[in-house]
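J.: Here it is: the structure, laid out below.
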Amino acid sequence: MKYSVVVPAYNCERFVGECIESILGQTYGNLELIVVDDGSADATLDICNSYAEKDARMKVIHQENGGPFSARMAAYPSVSGDYVLHVDADDCLREDALEVLKPLTEPGDYDIIFFEFSSCPDFSSMDKRFPFSDSRQFGLGEKAQYLNLALDTYCLHSMCSKAVKAELLLNAPYPSDARHLVSGEDHLQSLFLLDRADKTYYLMEALYYYRDTSSGTTSTFRLNDYLDFQTKAKYFARLLQKWKKLPGFCLTDDAFDAYVLLSTCRYLTSSVRNGDRSAYKQAVEIVTSSKIFRRAVSNRAAVRRLRIDRRLVSRLLALGHATLAKGVLSIAVAASRTQGALNV
């Protein structure tokens, strides 16, 4: 049983060495590590090359900056393992992660194995994201039980919480307009893989250390994030229509439209928190001109699912009152900052 571990790396000189050591130092050693330097401007590439010179199991690929999905795709032609894991360059695997996975992957029965995260580097606690009470398998007839979590941004969205059979991963159809995504790319890739999986397993054990870094991409505002979201939502909507045929699948169009509105509010909140006035204005123009927003905000049942402030923002935007909507968002941002200060 051989594992391939794929690490997209971009400007992560502070942590990439620790990440690499957590992989090469696994108690189960039949592995290959493929690091893709995604056009880093710091010492990331030099650090990666220095490790690769010392361990033949590691390969470094360099490319111009194209985003994490593009970096993963660059690694896949080099994959020779039976199962593939993905690790972000500022995170780590538990030292026995592959050894723990081996009894589940060795028979080759499961297309995907889900596992949990920890926010503690010593794995002294588990950040339980999945709602299942114990480890268990899912057959094809039970697929809806985890697909019903597709709108939950804390469960299925991360590629880092999965060991994926290489055959499934490498043969999955990834549309060309999805490969450029920088925001939400792991969620969309996960959805494509989940759609094709027949038999999966949930392991209620934390095997992955997630480092919460304030300098990460999630803490900055990027105007094109909503364009990425529109691409993701397009394919997501198609998958939901397909999954409605599965026994036990319960996600509705109302739930999806509420998800669109929630994501829209989070995008605009980020523009208010981290952007300037022109950034908010441009963000509003992108949102209000999009078909997915217009459809979702016209769904009254979806709007009613939102928290009151997000409901108000959505309605104000639909009526063309972007300035009033910004006022509501600014109050929410100020409240969150106050709460954060109180928690320090």
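The values are calculated or read from the model by the stated rules, or taken from the named source; none is laboratory data. Because the structure is a prediction, the values reported are computed rather than measured. As a convention, Cβ positions derive from the backbone with ideal geometry for all residues, glycine included, and neighbour counts pool all protein chains shown.
J.: Taking the stated definitions as given, is Glu205 exposed (fewer than 15 other Cβ atoms within 10 Å of the Cβ), over 18 Å from the mean Cα position of the chain (by Cα) and either at pLDDT 95 or above or among the aliphatic types (A, V, I, L, M) (or both)?
T.: no
J.: Restricting to the stretch 154-184, what's the tally of residues that are in contact with a Lys or Arg (Cβ under 8 Å, 6 or more places away or on another chain) and more than 17 Å from Val79 (Cβ to Cβ)?
T.: Qualifying residue count, the stretch 154-184: 8.
J.: Considering each residue of the stretch 314-341, count those that are among the hydroxyl-bearing types (Ser, Thr, Tyr) and either under 15 Å from Thr264 (Cβ atoms) or modelled with pLDDT of 95 or more (or both), and give that number.
T.: So the count comes out to 2.
J.: For the stretch 84-99, which residues satisfy the criterion of being closer than 14 Å to Tyr3 by Cβ and of a type outside the set (Asp, Glu)?
T.: Val84, Leu85, His86, Val87, Leu93, Arg94, Ala97, Leu98
J.: Assigned by TED's automatic domain parsing to the domain that holds Asp91, in contact with a Pro (Cβ under 8 Å, 6 or more places away or on another chain) and assigned to a loop (DSSP other than H, G, I, E, B), is that true of Leu156?
T.: Against the criterion (assigned by TED's automatic domain parsing to the domain that holds Asp91, in contact with a Pro (Cβ under 8 Å, 6 or more places away or on another chain) and assigned to a loop (DSSP other than H, G, I, E, B)), Leu156 does not qualify.
J.: Yes or no: Pro173 touching a residue at least 24 places away in the same chain (Cβ under 8 Å) and either assigned to a loop (DSSP other than H, G, I, E, B) or basic (Lys, Arg) (or both)?
T.: Considered against the rule, which asks whether it is touching a residue at least 24 places away in the same chain (Cβ under 8 Å) and either assigned to a loop (DSSP other than H, G, I, E, B) or basic (Lys, Arg) (or both), Pro173 comes out as no.
J.: Oh, and also: Quick one: which helices (runs of 4 or more DSSP H) lie wholly within the stretch 43-126 and hold at least 1 residues that are assigned by TED's automatic domain parsing to the domain that holds Met159, of a type in the set (Lys, Arg) and more than 20 Å from the chain's Cα centre (by Cα)?
T.: 97-105
J.: Within the stretch 53-67, is there a residue that is under 25 Å from Ser119 (Cβ atoms) and either buried (at least 21 other Cβ atoms within 10 Å of the Cβ) or in contact with a Gly (Cβ under 8 Å, 6 or more places away or on another chain) (or both)?
T.: Looking through the stretch 53-67, none of the residues is under 25 Å from Ser119 (Cβ atoms) and either buried (at least 21 other Cβ atoms within 10 Å of the Cβ) or in contact with a Gly (Cβ under 8 Å, 6 or more places away or on another chain) (or both).
J.: Specify the residue that is farthest from Phe229 (Cα to Cα); the eligible residues are those in the stretch 274-286 that are surrounded by 18 or more Cβ atoms within 10 Å (Cβ to Cβ) and of a type outside the set (Phe, Trp, Tyr).
T.: Gly275
Conditions tested, residue by residue: (1) at pLDDT 95 or above; (2) charged (D, E, K, R); (3) touching a Lys or Arg at 6+ places or on another chain (Cβ under 8 Å); (4) surrounded by fewer than 18 Cβ atoms within 10 Å (Cβ to Cβ).
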| position | (1), (2), (3), (4) |
| --- | --- |
| Lys2 | yes, yes, no, yes |
| Val7 | yes, no, no, no |
| Tyr10 | yes, no, no, no |
| Glu13 | yes, yes, no, yes |
| Val16 | yes, no, no, no |
| Glu32 | yes, yes, yes, no |
| Val35 | yes, no, yes, no |
| Ala41 | yes, no, no, yes |
| Asp46 | yes, yes, no, yes |
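J.: Report yes if Tyr10 is closer than 17 Å to Lys165 by Cα, within 24 Å of the chain's Cα centre (by Cα) and in contact (Cβ under 8 Å) with a residue 40 or more places away in the chain, otherwise no.
T.: It is false that Tyr10 is closer than 17 Å to Lys165 by Cα, within 24 Å of the chain's Cα centre (by Cα) and in contact (Cβ under 8 Å) with a residue 40 or more places away in the chain.
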